[in-house]
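Presented below is the structure to which this report refers.
The values are calculated or read from the model by the stated rules, or taken from the named source; none is laboratory data. All values reported here derive from a predicted model rather than from experimental measurement. Please note: Cβ atoms are built from the backbone with ideal geometry, for glycine as well, and neighbour counts cover all protein chains shown.
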Amino acid sequence: MSPTKGPVGATVTLSGTGFSVSTKLKSLVFNGVTITSCTSSSLKTSGTGSFSWTFKVSGGTSGTTVTLKDVGGQTASGTFTVRMPSIVVTPSQGPVGANVTVSGTGFSVSSTVGLVFDGVAISSCTSGSLTTNATGAFSCTFAVPSGPSGTAVTATDAGGQTATGTFTVSPAGSQRASPSCW
């Protein structure tokens with residue numbers, strides 16, 4: 001397996017030798033989800049019983065085991081760790097209108113992220129993007145919308161993976177003044 005970990009949507013190459021020659025694979029199963037096609041080549045071994053197939057990690061997979069079986073009964077398994085999504089909200093508190101940045105990792109690659117701030121959908125960023133990159137990461141800076149008082153910030157990708165963070169809306173002017181000497 002190469003790579004051995006990544007988010008949903010990651011491209012993985014699976015290679016092997018010692019299988020039945022020039023035969024179609026009987027099954028390729030990733031954590032209970034059957035892979036029926038590859039993005040490169042077909043699910044068939046070469047004339048020497050080797051193969052190299054590329055596929056995308058599909059939604060609904062959270063485990064680590066990839067198992068394949070050929071028509072001759074040979075079985076092999078490999079390990080791929082699906083990274084679970086997470087977000088970081090910076091800063092963790094501030095007034096309405098303050099800039100806040102939500103950064104996420106482990107989301108589906110090249111996917112649009114729905115961002116909800118205490119029930120208010122965030123549709124654009126003042127910097128960054130609501131689209132993940134090739135590694136499943138994103139960063140979006142926006143102004144804290146008026147109305148919310150709350151704490152929940154939720155990011156959801158096109159595959160339905162969700163991560164939650166917190167931000168506390170503080171009343172304007174509630175920032176403590178720094179002590180000063182007179």
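Residues in region 151-161 that are modelled with pLDDT under 90 and either among the aliphatic types (A, V, I, L, M) or exposed (fewer than 15 other Cβ atoms within 10 Å of the Cβ) (or both): how many? Going through region 151-161 one residue at a time, the tally reaches 2. Scanning region 120-150 for residues that are closer than 13 Å to Phe167 by Cβ and either modelled with pLDDT under 90 or aromatic (Phe, Trp, Tyr) (or both) turns up Phe142, Pro148, Ser149, Gly150. Considering only residues that are among the hydroxyl-bearing types (Ser, Thr, Tyr) and surrounded by fewer than 13 Cβ atoms within 10 Å (Cβ to Cβ), which ones fall in region 26-40? Thr34, Thr36, Ser37, Thr39, Ser40, listed by residue number. Of all the listed residues (Val71, Val82), the sole one being in contact with a strand residue (DSSP E or B) (Cβ under 8 Å, 6 or more places away or on another chain), under 30 Å from Ser22 (Cβ atoms), in contact (Cβ under 8 Å) with a residue 12 or more places away in the chain and of a type in the set (A, V, I, L, M, F, W, C) is Val71.
Looking across Gly119, Gly94, Gly104, one residue alone is in contact with a Cys (Cβ under 9 Å, 6 or more places away or on another chain) and either touching a residue at least 24 places away in the same chain (Cβ under 8 Å) or closer than 30 Å to Thr4 by Cα (or both). It is Gly104. Where strands (runs of 3 or more DSSP E) fall entirely within region 1-120, those with at least 3 residues that are under 27 Å from Gly159 (Cα atoms) and not β-branched (Val, Ile, Thr) are at 25-30, 51-56, 113-117.
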